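To keep things clear, I will list the structure first and then write my remarks on it.
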Amino acid sequence: MSLVINRRSVMTLYSGGECPFSHRTRIVLGEKNIAVDVITVDPDNLPEDLIDLNPYNTLPTLVDRELILYNSQIIMEYLDERFPHPPLMPVDPVSRARARLMLHRIEQDWYNILEEMHSDDYRHVEKNRKALRDSLTASAPLFGQKPFFMSDELSLVDCSIAPILWRLPSFGIELPSQAKAVHKYAERLFAREGFKASLSEAEREMREYQV
């Protein structure tokens, strides 16, 4: 297995075409214009080489020579440190810690809700749909304070929020007028070349008219 990995000339990302965790890593790759071989796989039918590489059989999985990473936040921070320009995390320890805490909250509060959307129980889905809509609406003032989420520059926080906002229509979520700041923020992110480059074919089909 090590011989196969060492023959790789560029990094390889095993990615789910509709997976928001994979999407946020692809946004980082797009923003930094990193050369990478993206292999889109079916999460219900993983290839044998990925199963051999990742003991948890999860997506995304990044292979960079002998290094194998399989947690999206770890992958994002690794890419930011491996390719430091443009930087997507603050330099000072306090701001960096705050960014990591925000990434944790986004994952716990919003990504977990997205995961719960995949259910056959309509009432369960509707409950989570309302929870995500209400949470984003309540956070609207934070989206309007600066060009990016509580920051003047794009960060890993924005790379994590963008896949959620992109998927709202596909989950039947329409934000109210009180969330105008969220809409404006989303438009800024979706217009970026790095974001456009990150989209898989399945993700483009979620909003064909906006791509």
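Of note:
- Among the residues of the stretch 147-167, just one is aliphatic (A, V, I, L, M) and over 14 Å from the mean Cα position of the chain (by Cα), namely Met150.
- Test: His124 is at pLDDT 95 or above, in a helix (DSSP H, G or I) and surrounded by fewer than 19 Cβ atoms within 10 Å (Cβ to Cβ): no
- The lone criterion from (1) surrounded by 13 or more Cβ atoms within 10 Å (Cβ to Cβ); (2) in contact with a Ser or Thr (Cβ under 6 Å, 6 or more places away or on another chain); (3) in contact (Cβ under 8 Å) with a residue 24 or more places away in the chain left unmet by Met89 is number (2).
- Count of the stretch 105-150 residues which are within 21 Å of Ala179 (Cα to Cα), of a type in the set (Gly, Ala, Ser) and without any contact (Cβ under 8 Å) to a residue 12 or more places away in the chain: 1
- Scanning the stretch 21-63 for residues that are acidic (Asp, Glu) and either in contact with a Ser or Thr (Cβ under 8 Å, 6 or more places away or on another chain) or under 15 Å from Glu77 (Cβ atoms) (or both) gives Glu31, Asp37.
- Every residue from the stretch 127-150 that is touching a helix residue (DSSP H, G or I) at 6+ places or on another chain (Cβ under 7 Å) and polar (S, T, N, Q): Asn128, Ser135, Thr137
- Scanning the stretch 170-191 for residues that are charged (D, E, K, R) and not in a helix (DSSP H, G or I) yields a count of 1.
The values are calculated or read from the model by the stated rules, or taken from the named source; none is laboratory data. Remember, predicted model here, so these are calculated numbers, not experimental data. Heads up, the Cβs are rebuilt from the backbone with ideal geometry, glycines too, and the neighbour counts pull from every protein chain shown.
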